[in-house]
Amino acid sequence: MKLLASKTSPYARKVRVLLAEKQLAFEFVEENSWSAETTVPRFNPIGKVPVLVLDDGSCLFDSSVIAEYLDPLGAPAFLPPAGMERARVRCDEALGNGITDAGVAIFLERKREASRQDPAWIARQRGKVDSGIAALARELGGKAYLRGDTMTLGDVACACALLWVEFRLPEVAWRAQYPALGRWIERLESRPSFATTRPPG
Ligand code: GSF
C-alpha cells in the first residue's frame with residue numbers, strides 16, 4: 001500500500017504513527033496537496049491528504065477512516081473492539097482532530113493578506129484550540145494515557161494535534177500551562193513512531 005501525505009500534516013502523522021507502531025510495510029509518497037502539480041485529487045476527490053492507496057488500486061481517505069482500516073492489520077490494537085470503550089477512544093480522537101481543525105483554520109487564515117484576515121474568526125478558532133487543550137488536560141489528569149495504562153488512537157491523535165500546534169502556533173504555549181501534558185507527550189515522543197515522523201525543519 002501507498003500513503004499519499006505531506007511530512008507536516010498532523011492528520012497524516014496520526015496514520016504514520018500507527019503504521020510504524022504496527023510495523024506495516026508501505027510506500028510513503030510525498031504530496032503537497034496545495035501545489036498546482038498535486039496528484040491527490042486523482043485519489044481523493046476532496047483533494048486532501050492523507051490518502052491510503054491499496055494494492056488493488058482502491059483508495060481510503062480521511063485519517064480516521066484509514067486508522068479504522070489499519071487497526072486490525074497488526075498489533076498492538078489502538079481501538080477497543082466495540083461499545084462505549086471504543087466510542088470513548090473515538091471521542092478522544094475527535095478531540096485531537098478538532099484541536100487540529102481549529103489550529104489549521106487559524107494557520108490558513110493567517111496566510112491571507114493582513115487586510116483580508118478576520119480577527120473574529122481567528123479568535124473563535126483559538127477558543128476551540130484552548131478549550132480543546134484544557135479538556136485534554138482534564139481527561140488525562142494524572143494517568144499514563146488517556147484511557148489508563150494503554151496507548152490508544154486517542155492519545156496518538158491528541159499528541160499529533162499538540163505537537164502540530166507547537167510547530168505552527170507556538171504562541172499557544174500549552175507545555176507551560178499544562179505540565180502533565182508535557183510529561184505525557186515526552187513519553188510518546190520518545191517512541192520511534194513519533195521520533196521518525198517529526199516534521200522537518
Ligand atoms: C483532514 C485532512 C486535511 O485537512 C483527515 O484526513 O483527517 N479530515 C481530514 N489535510 C490537509 C493537509 S493538513 O492540513 O494536514 C489538506 O490536504 N488540505 C488541502 C486542502 O485543499 O484543503
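Of the residues Glu37, Glu93, Glu85, the single one that is assigned to a helix (DSSP H, G or I), surrounded by fewer than 19 Cβ atoms within 10 Å (Cβ to Cβ) and more than 9 Å from the ligand (Cβ to nearest atom) is Glu85. For the range 1-34, taking the residues that are of a type in the set (Lys, Arg) and open to solvent by 60 Å² or more (accessible area, probe 1.4 Å), the one that is nearest to the ligand (Cβ to nearest atom) is identified as Lys7. Of all residues in the range 84-105, those that are in contact (Cβ under 8 Å) with a residue 24 or more places away in the chain have Cβ atoms under 7 Å from Cβ atoms of residues that are among the basic types (Lys, Arg) and within 10 Å of the ligand (Cβ to nearest atom), 6 or more apart or on another chain, in Gly103/Arg168. Pairs, please: C-beta under 7 Å, at least 6 apart or cross-chain, first residue closer than 15 Å to Val65 by Cα and in the range 147-159, second in a helix (DSSP H, G or I) and of a type in the set (Gly, Ala, Ser)? Pairs found: Leu153/Ala67; Gly154/Gly96; Ala157/Gly96.
The values are calculated or read from the model by the stated rules, or taken from the named source; none is laboratory data. From a predicted model like this one, the values you see are computed outputs, not experimental measurements. We place every Cβ from the backbone using ideal geometry, glycine too, and count neighbours over all the protein chains shown. The protein model used for the area step is the full one, side chains on, heavy atoms only, and it has no ligands, DNA or RNA in it. Shrake-Rupley method; radii C 1.70, N 1.55, O 1.52, S 1.80 Å.
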